[in-house]
1. Scan B:Thr211, B:Thr167 and give me the residue that is within 14 Å of chain A (Cβ to nearest Cβ), assigned to a helix (DSSP H, G or I) and buried (at least 23 other Cβ atoms within 10 Å of the Cβ).
2. In region B:130-147, is there at least one residue being touching a residue at least 40 places away in the same chain (Cβ under 8 Å), of a type in the set (Asp, Glu) and within 14 Å of another protein chain (Cβ to nearest Cβ)?
3. Considering only region B:263-278, I want to know if a residue exists there that is in contact with a Phe, Trp or Tyr (Cβ under 8 Å, 6 or more places away or on another chain), at pLDDT below 85 and of a type in the set (A, V, I, L, M).
4. Restricting to region B:220-248, what's the tally of residues that are part of a loop (DSSP other than H, G, I, E, B) and under 19 Å from the mean Cα position of the chain (by Cα)?
5. Could we say that B:Ile452 is within 14 Å of chain A (Cβ to nearest Cβ), buried (at least 18 other Cβ atoms within 10 Å of the Cβ) and either of a type outside the set (Val, Ile, Thr) or farther than 20 Å from B:Leu178 by Cβ (or both) here?
6. Please go through region B:12-47 and pick out each residue that is within 7 Å of chain A (Cβ to nearest Cβ) and not aliphatic (A, V, I, L, M).
7. For region B:309-332, give me each residue that is part of a helix (DSSP H, G or I), among the aliphatic types (A, V, I, L, M) and out of contact with any helix residue (DSSP H, G or I) (no Cβ under 8 Å at 6 or more places or on another chain).
8. Which residue, of A:Ile340, A:Ile334, A:Ile302, A:Ile311, is at pLDDT below 55 and either exposed (fewer than 15 other Cβ atoms within 10 Å of the Cβ) or in a loop (DSSP other than H, G, I, E, B) (or both)?
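The values are calculated or read from the model by the stated rules, or taken from the named source; none is laboratory data. Small disclaimer: the values here were computed from a predicted structure and weren't measured. Please note: Cβ atoms are built from the backbone with ideal geometry, for glycine as well, and neighbour counts cover all protein chains shown.
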Amino acid sequence: MPSEKEWGCATCKNMFIRVDRDRRYASTSEQNFRFKLLEPKAEPDVHSTDFEVHRNWLAITHNLTLDKWYYDNTSEWTLDYPPFFAWLEFVMSFVAKYFDPQMLYLTNLNYKSDMTILFQRLSVIVLDFVYIYSVKRLSGFIGDGKLLVFILLMSCPGLLMIDHIHFQYNGFLFGILLYSISHIIENNCLIAAFWFAVLLNLKHIFLYVAPVYIVYLFRAYCFTISSVDGVHTPWYSFSLANLFKLAFTVIFVFGLSFGPFIHHIPQILSRLFPFKRGLCHAYWAPNFWAIYNFVDKVLQNIGTKLGLLRIPKAEASMTGGLVQQYDHAVLPSITPTMTIVLTVVTMIPALIKLWHLCADRRYRVLSFVYGGLCGMFLFVWLARSRESYTHDIGTVDFPLSAGRRGRQTVLNTNNSRELLTVPLLYPKNLFSIKFFILLTHVALAFVNIRTLYEPAKVKGGRRIRVLRLPMLRQIESLYLYGLIVLCVYDNAIHGLWGLDKTLPFLPLMLTSVYCSIGVIYVWLCYYYYFLTFNVSQVPTLCTVNLAEKYKKTS
Amino acid sequence: MTRRADPDKFTVTKQALLPGILFSLLVRWCVAAYPYSGYKKPPMHGDFEAQRHWQEITVHTPVLKWYHNTTQNDLQYWGLDYPPLTAYHSLLMGLVADWLEPESVRLFASRGYESDSHKTFMRWTVFLSDIYLYVTAVLCICIDAERVLGKEPKEPKCVLKRTDISTTLFLLYPGIILIDYGHFQYNCVSLGFFLWATFFIIAIKNDTLATIFFVFALNYKQMELYHALPFFFYLLRKCFIGMPLGRGKLSHFIRCFNKLAVAVIATFVIIWYPFLKGWEHVFQLVHRLFPLDRGIFEDKVSNVWCMVNVFIKLKTIYSNQEMAKTCLLITAMAAGPACADLFFRINIKKFVPCLINVSLAFFLFSFQVHEKSILLAAIPVALYFPEDPFMCFWFLLVSTFSMLPLLLKDGLLLPFIATTVIYTSFYSICLKLSQPNSGYFSIFNANRVNKILYPNKKDTSHVLTFLSLIFVISVVGMVLLTVGTVFVKPPPHLPHLFPLLISAYSCVHFLFFFFYFYYQQFSLPMSLPCVSQKQKRK
């Protein structure tokens, strides 16, 4: 939303500016649209283990009967996604046959013909259309700068990198998530619940978002009356029929998914939730545990130097690359139950706030998005770096629906989140591509988001702030500069000093610790903003289109 | 400096500038991830190996031996055949490579050296050269184009002259991206120098700097001779302007001419200084630069001789000497009128069309043409883009398409398709920007495209409608030929069927464009450019 000032002086000039801006967005939007589709094509020779994972799943679903899908362990990459995803692979395997039938042989491990790669890449591109459609739909709800949102979501560098370079189907999955959210914005709770259930059955990682959905749907759908003051809950308006409808939808989807596997559910569950893996992935996710591990490591080194501790050497190999259980040397070790408890504890305040907020009809949508953002990434067991994108998507989505007050935090998150994943993605020879994907996106964000919030500048009226990035506070700018320094260190200096032989994992560790500081900072900002979020503080919450819509309905 | 920047009028549209430039750089890097020419193809490899070999030679042998066949420098194996500036550039990069990865430039031992880190290094050298010379030049030219426009507020602002749009469009031109980053060459350097020279002529009007930069370009690749004639005639004509009445005409001319001559000669001397120790070195260098014995063309080139060769086997009938003379004559005949027009009916706006015409004439009729040489004609066309988007876009498409056999050989089919689609879609967006209600396919409609330039024109012309029809047919033909090349196996007695078809198809197009741009140049009126001295006297 533009500020009132901008609306206030609705002169011809202003109109011209807006038209001009829209045009500009049009240009870049389309540009990024293409770039999303075509970029992977220009990406010939890099594919990760996930590439083999998906090939193997194609083979499993194509060759084996239903009851063996979750038992096969010819390859070490066993099927560990929920059933709908397995069905998706099953369907795709029939198309794959026409590209290269050999990729469907179960024993054909690490098979990489050109046609296989082409097929896999194309499948990502084709499934990405779901994402494009959802983004288009979602950005349609925003009044001003809808194209900007469209572009920013399309050019989301994390998604591009992970889907098209690393190889996964996140774009497709987020497409479904966004589609579901768009239905929530339209107040079609049942459809939203349906699609979210489908999504859960495609990839169970979206359980992160599930609490928000549950609270929201329960409050907004199962209570027919929305209270005005936002705190009082009208328990008398509880509608059993609505609850029943909701439950039926969700159970129907789950039944459809798990029904054919009714006898194998324990096996599936053991595959879906492998608690044997360690706290930290080899590529450290920038979450709370990165800091925790780092502190432990430092304490351990200090301890051994001072002779206070004696630690057998075998233990000191946490960053050794394998996903394993690891016992902390100094600090208490972390068990899965502890992480779950921590996650729940940190979530509860946000959820309570959400419960109250979504009572008011006008603010439901926004509160929903906010709630989703105050997510649980920080404390989750085995969070990989990629999962941070659960939030990234939402982040870009709402700077425009938020009021002016939130903009700083918003933009900061937006950028730092994206910046921080760069170093976490190897291999190095793709550094430049990633770098420019990121730069393009950041340039778009910095240049264009600002114009939405700030009225046109008076010439020379603004102080020039040294070294401060637009729309960020001093400390936040400093943080971003630090990130650049860190990036340079990782990519150049570390190797030049010859440290890569003795301390091979130092850059990774440093980046993830540094990034986790940033993420925690942003998360705290959000959390604070969300908890203190007050209806009266934010004058224009609803987007234009929605506001009109509610006018009509009420 | 005749035109001082007016601080009030100096507005540059830069909303999408940074993302646009970064995006075009991103496209470059995406193409760079593909293999280069001669990737894992011993024994001769390709242009990548040539560049690496030159680094090896320049680092490890003395300057005077660079162009001579010695025990250390086997000229049969990718001998250096570009002017000294290329050699210096190679030396510079070779020294860096020697520091970073000595194995990659070791004498003899490094032949056919290929490793991922070295590939990355080489790509970075192209990228940095590109950024420093080509990108900056494009940016300056586009900024100036908009600035000039800003001074004439009566004229409605055309989208294609906005700095951000025009820069991005220029930088996204697929031809040079594919050749420099895919195939692997340093065209961005010579073309960057050339663009700087053009910038000094059309924007700053500083003739001395223009000559110096053009000499740089010429000394990077001798192919820049394609552009030499317009520069020469334009600058020569300018020496006649601003003559005082009555006496002193001759001294004025000599003064003007001397300035340029001194610039040219001094630059040449500085660049060739190490080779001036004896005439034999100079002759050897010139002999290396213009190898007459390499035949009239290589592979399949979309020029006239290659077309004629289908019916008459030129190589067997005529000797190379005879052919060279014929080529020279016909090229002079083809390029002559354009130069004469530039000389006698001088107009600053004619300069770029004249560049197009002369370089196309050279491409079509001259001796020893590569398919990559089309870039030399394509860059002036890209300069001309804002003036005549419909035809220029068509030309640029065809020029990229004409290099398809080469790109296929390097395994660059996907980048070719991807970059072309990106370029086309970006162009169609630009059109949509100025006419929001037009569809995405209005690029095929010449009338609509021309409406951007002349929004006041209401009627549609039949010529343009006819041109649009041809354009559609031409694009369909290109798509069909591409599909055919990739999927259809040619009959066994005609193994080169598709490359030949492609070059013939493009050649017909180029001939057509040749006439079209000739017409464009001749239809511009004469207008004397103002000369700095005149204004100073005022």
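1. Details: B:Thr211 fails: within 14 Å of chain A (Cβ to nearest Cβ).
None of the others qualify; the one that does is B:Thr167.
2. Yes - at least one qualifying residue is present in region B:130-147.
3. no
4. Count: 1.
5. So B:Ile452 fits the description; yes.
6. B:Gln15, B:Pro19, B:Phe23, B:Trp29, B:Cys30, B:Tyr34
7. Answer for region B:309-332, where residues must be part of a helix (DSSP H, G or I), among the aliphatic types (A, V, I, L, M) and out of contact with any helix residue (DSSP H, G or I) (no Cβ under 8 Å at 6 or more places or on another chain): B:Ile317, B:Leu328, B:Leu329, B:Ala332.
8. Criteria check complete, one pass: A:Ile311.
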